[in-house]
Amino acid sequence: MEHHYVDALKNNDDTLIKELYGRHRAEFFGFSRKYRISEIDSADIYQEAFLAMRKHAISGKLNEVSCSFKTYLFGIGKYLIFDIHKAEASKSSYNANLHNTDSDYESITVDITQELTEEQKLLRHFFNQLGKSCQQMLTLSFYRGLTNEEIAKQYGYESEAVVRSQKSRCLKTLKNLIKTSPR
Amino acid sequence: MTINETLIEKYFSKRLTEVELLEFNKRYHTNENFKQEVDFLKNVQAVSKADDDVQFKNQLASYETQISPKKAFAKTKWLKPLIAVAAILIFALGFLFVLNTPSNKDALFSTYFEPSKNVSAPIIRSDANDQLANNAFIAYVETDYQAALSLFEQAFESTKNSELLFYKGNSLLALDKTKEAIEVFKTHLTYSDALTKRTHWYLALAYLKSGQVEKAKQELRIFIDSGETFKLAEAKSLLKKLD
């Protein structure tokens, strides 16, 4: 897959993501129309597909993919469309013919968003009490998987050591918030 | 940096070599402190992922609004059936003489009402003490208005930030609690903040929903004269339909 697009998703490059979003939108809406998806639902699915793409970019999955960005995006979209049809099929009669509409794109399975555990929900409460820069620092380190050096370089910190000590301060504050909270 | 720190950093950035991975797993299974730290950081990862995904979704929704502003309002799923009903009603009964029937007031309300976007969170989020407001905005953005309502209430009690009343009113309106929404909007109008003018628009819609057309028109006129550009065209068009 095009490396610069994967990097754009990983680094949240607003300009390039917006450009990609606009570039494939009309074709995706036409694609989902074939599956009798309304325009409003198409927008939802298109955005969910982008979100799933980003998750795959962050997890490193896209590095092993050989197809294009567009093919992968539409593959995820197709999976999400099928998922909607399956859910609807439980309420009414299932129309299997809908799945034969388009064979250009292989359906790509994505994980449906996992719920946070009770422990994680509680942690989220404390996480949201951190300052914005701490929240960003921890997100970059532990979710986006950036090294201290990459954070320093991309976000204008003086050095890797500065990032390290800032991150350690943020984690200490977070642990203190948990410790001092009334039970 | 200690070996533990290096291993942990490399684990979360997915850069452990095979040898390092073996060492990581060994420590994870034999060193309780190491395990506890890694498990804690895995939870931090899950939490930051959840928040980061919400922000990314908002980013995508803003692209959609820019590309297709007229349709973006209909994204809220519960609103769709109402809008469909509104569209059918307006099409079928689209004459001025029937505009005073209750069903058409509802239809007009459904056509014009969308809960306000969160335009305050960047300011409020900068204050680390405002965790309630922060959580309220997360619930609000996720259209969980019931949860948002109670959080906005508590947040307002503790911070007295009047802008929170604006969102509380919007949550009530989205939950169909029109009378309560009217009271909250009226209270908000006793303050002067960045959102006070916009409250006239939502108060007008709440009056419309509750069948108080004259009061709705009065609020619309105040709103149009306020110099606020937000929803100005919609306000003018709605007033025309009600006049």
Residues of region B:50-70 with amide N under 20 Å of a point placed 7 Å along Cα→Cβ from residue A:15:
B:59-60, B:62-64, B:66-67
Grab the DSSP H runs of chain A that are 4 residues or longer, score each as -39,500 (n - 2.57), total them, divide by all residues and round the 222 nm result to the nearest 500 deg cm²/dmol.
-20500 deg cm²/dmol
If you rank B:149, A:51 by fewest surrounding Cβ atoms within 10 Å, what's the result?
A:51, B:149
In sequence order, what are the phi-derived ³J(HN,Hα) couplings for region B:182-193 according to the Karplus relation 6.51 cos²θ - 1.76 cosθ + 1.60 with θ = phi - 60°, rounded to whole Hz, with x for glycine and proline?
4, 4, 5, 4, 5, 5, 4, 5, 7, 9, 10, 9
Run through every distinct alpha carbon pair of region A:118-180 and return the Kirkwood hydrodynamic radius in angstroms, one decimal place.
12.1 Å
Quick check for region A:118-180: number of Lys pairs with alpha-carbon distance under 17 Å, counting only pairs 8 or more apart or on different chains?
7
Over 10 Å intervals from 0, what percent of Cα-Cα pairs in region A:3-100 sits in each interval?
15, 46, 28, 10, 1
On average, how many beta carbons from a partner chain sit within 10 Å of the beta carbon of a residue in B:35-45?
4
With a bin width of 10 angstrom, please list the P(r) values of chain A as percents of all Cα-Cα pairs, from the 0 bin to the one holding the largest distance.
8, 28, 28, 21, 12, 3, 0
Lysine pairs in region B:3-66 8 or more apart or on different chains: how many have alpha carbons under 20 angstrom apart?
11
Which of these, A:12, A:128, A:63, has the largest mean-square fluctuation under a Gaussian network model of chain A (Cα springs below 10 Å)?
A:128
For chain A, cysteines whose Cβ has no other cysteine Cβ within reach (under 4.7 Å)
A:67
For residues of A:40-49, the mean tally of beta carbons on other chains within 10 Å
4
Kirkwood Rh in Å, taken over all unlike Cα pairs in region B:8-57
12.0 Å
Which helices, counted as full DSSP H runs in chain A, have an axial Cα extent of no less than 27 Å and a Kyte-Doolittle average of -0.5 or above?
A:39-59, A:69-89, A:160-180
Looking only at other chains, what is the average number of their beta-carbon atoms within 10 angstrom of each beta-carbon in B:52-59?
5
Binned at 10 Å from zero, the C-alpha pair distances of region B:118-243 give percents of 14, 43, 32, 10, 1
With r defined as the distance between the Cβ atoms of residue B:19 and residue B:68 and R0 fixed at 56 Å, what FRET efficiency is calculated, to the nearest 0.05?
0.60
Region B:3-66, dipole about Cα centre (Lys/Arg Cβ +1, Asp/Glu Cβ -1), debye to the nearest 20
120 debye
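Here, each number is a calculation from the coordinates, and none is a lab measurement. The shown structure was predicted, so the numbers you read here are calculated from the model rather than taken from an experiment. Heads up, the Cβs are rebuilt from the backbone with ideal geometry, glycines too, and the neighbour counts pull from every protein chain shown.
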